[in-house]
Amino acid sequence: MSNIIERDISSSVESKNMSDDLKVEMNSEGSIEVSAMKSGLATVIVGLSLLIPACIGLLITGAPTTLGPFPGMTVIPALFLSSRVVGVAVPSVLFFIWNPGLFRGESKIPKRSHWLLAVATILSVIWFVMGWKYGLQYQGAGYVYKVCVANVAWVAFLGGVFARYRKGETSFKLNLALHWLLFAWLAWYAFPYLGELP
């Protein structure tokens, strides 16, 4: 009788999914193991895909443009380390460090991510206020207005989506997508270069 119960428990535990990519399995010794291989792989792929907006933001031209505005997250490390390649890798590295729960398939959006968006938004406003005059002088009015509008659109979109899921139910896939969007903004458009190039 106990063998039948153990097999029933084992088969129900083996097929039980805790989240989109976490799977609970009973091993041969009778203990429960949690597998996060799929969520970990998805997190690595999505995190590495941040190289695309980072490259667009920093590498496609030799000067800031509306498509490649030399965002602060990539240009500051590139200037200090004298390597644009290292600069474009920073967003991916910070993405992995910021929310390690994604590797485990966690579905809850950390509160610190809401704070990151809020602080980055406030600092972005200060960035534009302080650099507006220099941006007009060195990059021109067209550039400054376009990157400002693009940043307002990014912040409005991200703020709306983060507010929508602030207290609601989320999934691993949504958590991953929201963090990708947040870091894509930081890697591509946030804190655009305003002023004279070194």
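The values are calculated or read from the model by the stated rules, or taken from the named source; none is laboratory data. Remember, it's a predicted structure, so these values are computed and weren't measured experimentally. Glycine gets a Cβ as well: all are built from the backbone with ideal geometry, and neighbour counts include every protein chain shown.
Observations on the model:
- Selection of region 159-198 for residues being of a type in the set (A, V, I, L, M) and within 19 Å of Ile52 (Cα to Cα) yields Leu176, Ala177, Leu178, Leu181, Leu182, Ala184, Leu186, Ala187, Ala190.
- Residues in region 92-114 that are of a type in the set (D, E, K, R), under 19 Å from Phe162 (Cα atoms) and in a helix (DSSP H, G or I): 2 in all.
- Qualifying residue in region 130-143 (condition: buried (at least 18 other Cβ atoms within 10 Å of the Cβ) and small (Gly, Ala, Ser)): yes
- Pairs, first in contact (Cβ under 8 Å) with a residue 40 or more places away in the chain and among the aromatic types (Phe, Trp, Tyr) in region 158-170, second part of a loop (DSSP other than H, G, I, E, B) and surrounded by 16 or more Cβ atoms within 10 Å (Cβ to Cβ), C-beta under 9 Å, six or more apart: Phe162/Ile109; Tyr165/Ile109
- Yes/no for Gly87 being within 19 Å of Ala177 (Cβ to Cβ) and surrounded by 13 or more Cβ atoms within 10 Å (Cβ to Cβ): no
- Val85 being part of a helix (DSSP H, G or I) and modelled with pLDDT under 95: yes
- Filtered residues of region 171-185 (kept if in contact with an Asp or Glu (Cβ under 8 Å, 6 or more places away or on another chain) and not charged (D, E, K, R)): Ser171, Phe172, Asn175
- Per-region count, region 144-154, residues surrounded by fewer than 13 Cβ atoms within 10 Å (Cβ to Cβ) and either outside any helix (DSSP H, G or I) or not β-branched (Val, Ile, Thr) (or both): 1
- Taking the criterion of being more than 14 Å from the chain's Cα centre (by Cα) and over 16 Å from Gly47 (Cα atoms), the residues of region 99-118 that qualify are Ser107, Lys108, Lys111, Ala118.
- A single entry from Phe70, Phe80 fulfils the requirement of being hydrophobic (A, V, I, L, M, F, W, C), over 15 Å from the mean Cα position of the chain (by Cα) and under 29 Å from Ala141 (Cβ atoms): Phe70.
- Unmet criterion (only one of (1) among the small types (Gly, Ala, Ser); (2) farther than 20 Å from Ser49 by Cβ; (3) surrounded by 12 or more Cβ atoms within 10 Å (Cβ to Cβ)) for Gly105: (2)
- Flag for Ser113 being crowded, with 16+ Cβ neighbours inside 10 Å and modelled with pLDDT under 95: no
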